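In what follows, a structure is listed as structure tokens, so that the remarks can point back to it.
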Amino acid sequence: MNELYIVFPPASFLLGSVPFGFLAAKYKGIDIRQKGSGNIGATNVTRLLGWKIGLPVLLLDIFKGAIFPLLIRILFGESNQLLALFCGVAAVLGHMFSPFLKFKGGKGVATSFGVFAVLAPGPILITLIVFLSLKKIFGFVSIGSIGGAITLPISYYLLSLIDGKSFNTPIFWAIVCISLTILVLHRTNLIRLVKGQEFASDKEKYKDQE
């Protein structure tokens, strides 16, 4: 079992570091780091290239966060939560700090969603509802992402209180750390929101702001 700790987390980090958004845009002749918000995630890809490319990027970013925790769940059930968590965190860190992009990357929202869809499905469902609601109300993906990052640790804690037995300390603190990192990575979005310069979530408004 110990050898899995040596092999699986690095493999998950490597998969997480694959910049699908960057590669998809590069295939179309665009360096996405130089366009729009400069982010390599699905939101910027969708703005620039449309949902037919943005949606696969989103699903791949979710997949690379979910696959190793899910595989470990299938192989060992819930008896090895720590290994599943290590793999999930490794995938998120790989996405945020990709060695393929000189240790730069995306903001980790979709990849984190994949991880905690496996490890904390109840809280992630609440977080998804908050994300979609805020995006619908305000029209900005960034507001939804920020609201989701705040919601996830709170919903995990509150649901564990209601359940009375599902609280997992390592998972909780991993959620807190990842959520805080996502918030830090959204600091430029917060500045643009305050200045009224944030990129809108729909393509036509985005073009007007370029």
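The values are calculated or read from the model by the stated rules, or taken from the named source; none is laboratory data. Since we're looking at a predicted model, the values are computed, not measured. Here the Cβ positions follow ideal geometry from the backbone for every residue, glycine too, while neighbour counts run over all protein chains shown. When the accessible area is computed, the model is the full protein with side chains, heavy atoms only, and any ligands, DNA or RNA have been set aside. Shrake-Rupley method; radii C 1.70, N 1.55, O 1.52, S 1.80 Å.
The figures follow:
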{"read-out": "Criterion: at positive phi and crowded, with 21+ Cβ neighbours inside 10 Å - qualifying residue of Gly108, Gly139, Gly144", "value": "Gly108"}
{"read-out": "Filter pass, Ile72 being touching a Leu at 6+ places or on another chain (Cβ under 9 Å) and open to solvent by 40 Å² or more (accessible area, probe 1.4 Å)", "value": "no"}
{"read-out": "Residue in the stretch 27-36 that is out of contact with any Lys or Arg (no Cβ under 9 Å at 6 or more places or on another chain), aliphatic (A, V, I, L, M) and at pLDDT 95 or above present", "value": "no"}
{"read-out": "Hits in the stretch 172-189 - residues which are open to solvent by less than 30 Å² (accessible area, probe 1.4 Å) and in contact with a Gly (Cβ under 9 Å, 6 or more places away or on another chain)", "value": "Ala174, Ile178, Ser179, Ile182"}
{"read-out": "Helices (runs of 4 or more DSSP H) contained entirely in the stretch 54-169, each with at least 3 residues that are touching a Cys at 6+ places or on another chain (Cβ under 8 Å) and of a type outside the set (Phe, Trp, Tyr)", "value": "none"}
{"read-out": "Qualifying residue in the stretch 23-40 (condition: outside any helix (DSSP H, G or I), open to solvent by 10 Å² or more (accessible area, probe 1.4 Å), farther than 26 Å from Gly144 by Cβ and of a type in the set (S, T, N, Q))", "value": "no"}
{"read-out": "Residue list for the stretch 75-103, filter: open to solvent by 50 Å² or more (accessible area, probe 1.4 Å) and free of Cβ contacts under 8 Å to residues at least 24 places away in the same chain", "value": "Leu75, Phe76, Glu78, Ser79, Lys102, Phe103"}
{"read-out": "Some residue of the stretch 121-132 being loosely packed, with under 14 Cβ neighbours inside 10 Å, out of contact with any strand residue (DSSP E or B) (no Cβ under 9 Å at 6 or more places or on another chain) and touching a residue at least 12 places away in the same chain (Cβ under 8 Å)", "value": "yes"}
